[in-house]
Structures are given as structure tokens and as C-alpha cells.
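Before any comments, here is the structure.
The values are calculated or read from the model by the stated rules, or taken from the named source; none is laboratory data. Predicted model only: the values in this text are computed from it and were never measured. For neighbour counting, all protein chains shown are included, and Cβ atoms are generated from backbone atoms with ideal geometry for every residue, glycine included.
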């Protein structure tokens with residue numbers, strides 16, 4: 001679902017902190033940190049299997065998450081090329097690139113809002 005993000009406030013004996021997870025949901029399919037990271041790794045490596053290995057997950061699990069998102073979101077995320085002389089590979093579609101950009105921007109906005117709200121309420 002995502003990375004727990006947070007900020008802390010020292011109340012003396014113990015620090016108080018605000019934490020949150022962020023994801024988008026459409027037709028029952030979730031786009032959060034996990035799928036975001038898979039797509040970033042595919043972009044960096046050009047390979048679903050390499051991306052999966054780097055995330056300590058199986059190829060099948062990574063590919064499954066991508067296919068579920070594509071089906072429910074109605075947006076192709078990857079263009080794949082089956083092996084052969086030059087080997088296979090995968091690259092992000094322009095739609096996937098845009099989704100990553102917007103998700104990252106949304107994430108920054110939410111992080112900033114939560115940080116500012118926490119500071120105003122607990123340190124103000």
C-alpha cells in the first residue's frame with residue numbers, strides 16, 4: 001500500500017508523530033508505493049524480471065500487479081518485447097510516465113500539507 005511517512009513532535013518523555021500512507025484507487029485497483037516502485041525499477045532497468053529481483057519479489061507477482069492495474073485503470077503501463085536475439089525488455093508507456101509524475105507530485109503535496117498541519121497544531 002505504501003511507505004508510512006511521518007514527522008515527530010517531542011512531548012518530553014516520548015515523541016509524538018504523525019504517519020500516513022498514500023495510494024490511489026480506481027475500480028478496486030490500488031496504485032501506491034509498491035506499484036510506483038515496480039514501475040520506477042522497470043524504467044531504470046528495462047526489465048520486469050530485474051525490477052522484481054531488485055524488489056525481492058517474483059516476476060509473476062510484479063507482472064501480476066502491473067496487469068491488474070492496467071485492467072482496472074484502463075491504461076497500458078508497459079510496452080514489452082519478448083526475448084530473441086537482442087533479448088526481451090519492457091519500457092513505460094507515456095501514460096505510465098505521466099501517472100508516475102503526477103503521483104510523485106501528489107505525494108510531495110500531501111507530505112508537505114501533513115508536515116505543515118502537524119507543526120501548526122502540535123508546535124504552534
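Here's a check for you: in the range 21-30, which residue that is surrounded by fewer than 14 Cβ atoms within 10 Å (Cβ to Cβ) and assigned to a strand (DSSP E or B) is farthest from the chain's Cα centre (by Cα)? So, considering only residues that are surrounded by fewer than 14 Cβ atoms within 10 Å (Cβ to Cβ) and assigned to a strand (DSSP E or B), the one farthest from the chain's Cα centre (by Cα) is 26.
The single condition among (1) surrounded by 12 or more Cβ atoms within 10 Å (Cβ to Cβ); (2) under 27 Å from residue 27 (Cβ atoms) that residue 109 does not meet is (1). The number of residues in the range 1-33 being more than 27 Å from residue 74 (Cβ to Cβ), touching a strand residue (DSSP E or B) at 6+ places or on another chain (Cβ under 6 Å) and modelled with pLDDT under 60 comes to 2.
Got a sec? Which of 97, 105 is out of contact with any helix residue (DSSP H, G or I) (no Cβ under 9 Å at 6 or more places or on another chain), under 23 Å from residue 23 (Cα atoms), assigned to a helix (DSSP H, G or I) and at pLDDT 95 or above? Before you say what the answer is, go through the steps one by one.
Values: 97 fails: out of contact with any helix residue (DSSP H, G or I) (no Cβ under 9 Å at 6 or more places or on another chain).
Unique residue meeting the criteria: 105.
Taking (1) in contact (Cβ under 8 Å) with a residue 24 or more places away in the chain; (2) over 30 Å from residue 115 (Cβ atoms) in turn, residue 58 satisfies each apart from (1).
Select from the range 51-72 the residues that are surrounded by fewer than 17 Cβ atoms within 10 Å (Cβ to Cβ) and closer than 19 Å to residue 93 by Cβ and list them in ascending order. Those that are surrounded by fewer than 17 Cβ atoms within 10 Å (Cβ to Cβ) and closer than 19 Å to residue 93 by Cβ: 64, 67, 68, 71, 72.
Please work out if residue 41 is within 30 Å of residue 122 (Cβ to Cβ) and either touching a helix residue (DSSP H, G or I) at 6+ places or on another chain (Cβ under 6 Å) or at pLDDT below 90 (or both). So residue 41 fails the test.
State which residue is modelled with the lowest pLDDT when the search covers only the range 76-90 and only residues that are more than 19 Å from residue 33 (Cα to Cα) and in contact with a strand residue (DSSP E or B) (Cβ under 6 Å, 6 or more places away or on another chain).
So, considering only residues that are more than 19 Å from residue 33 (Cα to Cα) and in contact with a strand residue (DSSP E or B) (Cβ under 6 Å, 6 or more places away or on another chain), the one modelled with the lowest pLDDT is 88.
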